[in-house]
Amino acid sequence: MPKPTRITAIIGSYRKGGVNDTAVDEILGAAAEKGAKVTKIYLIDRRVSFCTNCRTCMQDEDPQRGECVLPDEMAEILNALEQSDAIVMACPMNFGTVTALMKRFIERLACFAYWPWGMRAPKVRNSARPRRAVVVASSAAPALVSRNSSRMVGLLKNAAGMLGARTVGVLFIGQAAGRPEPELSARIRKKARMLGMKLAAGE
Ligand SMILES: Cc1cc2nc3c(=O)[nH]c(=O)nc-3n(C[C@H](O)[C@H](O)[C@H](O)COP(=O)(O)O)c2cc1C
């Protein structure tokens, strides 16, 4: 029997059961129906410290990520993502970009770059993209407006790239702040399910 596709979703929303969480459930639900092994990581539940710019993790030239000195759960999260075949990065738009929760996580991806003292700019350690990614984002404004006026999708794709994943789909959910309880349209649910099946199939 072929090994099931392992998919890990990372959620940068401050609330569970919200728009991003619900969209991720649709994606992972469809993927699980196709036999994928799915996991959800809520950043809000995890102990992730701010990068202190000590650059200890960036000093050694190695294709593997550098080791961070901070005693938190970041290494455990990165291990889970690196052991996955596909990842989902989901985040609401707050003040025109990703939430502070997601930004704090993304800044910690510095360990995937080599930047010893004396070198002008960082270099990504490994440009291989063995994984696939789906990016989910949501905003109060219509999706097209938010997507075109912000670098948010690019930032999430870039973060996925640092994690060794090539983005194969984007689900941008606009008009997502009209009610306290999220209600995804049939079109969004359909697209979310299609993306889940695509990830499960290894496409
Ligand atoms: C502090 C804050 C800032 C926000 N900033 C924006 C914004 O700049 N543009 C926008 O369209 N929506 C903005 N929103 C609306 C959120 O994007 C929306 O509520 C969110 O996508 C819902 O996702 P969730 O249910 O997963 O939390 C903001 C909401 C909050 C609470």
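Please go through the range 9-66 and give me each residue that is over 20 Å from the mean Cα position of the chain (by Cα) and in a loop (DSSP other than H, G, I, E, B), ordered by number.
LYS34, GLY35, THR52, ASN53, CYS54, ARG55, GLN59, ASP60, GLU61, ASP62, PRO63
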Legend entry - Residue that is touching a Gly at 6+ places or on another chain (Cβ under 6 Å) and touching a residue at least 60 places away in the same chain (Cβ under 8 Å), where the choices are LEU195, LEU184: LEU195
Inset, instruction - Identify all residues within the range 168-196 that are hydrophobic (A, V, I, L, M, F, W, C), more than 14 Å from the ligand (Cβ to nearest atom) and surrounded by 14 or more Cβ atoms within 10 Å (Cβ to Cβ); write none if there are none. - result: VAL168, VAL170, MET194, LEU195
Inset, instruction - Name the one entry in TYR14, TYR42 that is modelled with pLDDT of 95 or more, within 15 Å of GLU73 (Cα to Cα) and within 16 Å of the ligand (Cβ to nearest atom). - result: TYR42
Inset, instruction - Report whether or not GLY66 is on the phi > 0 side of the Ramachandran plot and at pLDDT 95 or above. - result: no
Inset, instruction - Please specify each residue of the range 26-41 satisfying the condition of being surrounded by fewer than 19 Cβ atoms within 10 Å (Cβ to Cβ) and not aliphatic (A, V, I, L, M). - result: GLY29, GLU33, LYS34, GLY35, LYS37, THR39, LYS40
Legend entry - Search result, residues across the range 125-167 that are buried (at least 16 other Cβ atoms within 10 Å of the Cβ), away from the ligand (no atom under 16 Å from the Cβ) and part of a strand (DSSP E or B): ARG131, ARG132, ALA133, ALA165, THR167
Legend entry - Residue list for the range 63-97, filter: surrounded by 20 or more Cβ atoms within 10 Å (Cβ to Cβ) and either within 13 Å of the ligand (Cβ to nearest atom) or closer than 16 Å to ASN20 by Cβ (or both): ILE87, VAL88, MET89, ALA90, CYS91, PRO92, MET93
Inset, instruction - For ALA100, indicate whether it is closer than 30 Å to GLY174 by Cβ and exposed (fewer than 15 other Cβ atoms within 10 Å of the Cβ). - result: yes
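The values are calculated or read from the model by the stated rules, or taken from the named source; none is laboratory data. All figures in this text were calculated on a predicted structure; none of them were measured in a lab. Reconstructed Cβ throughout: ideal geometry from the backbone, glycine too, with neighbour counts over all protein chains shown.
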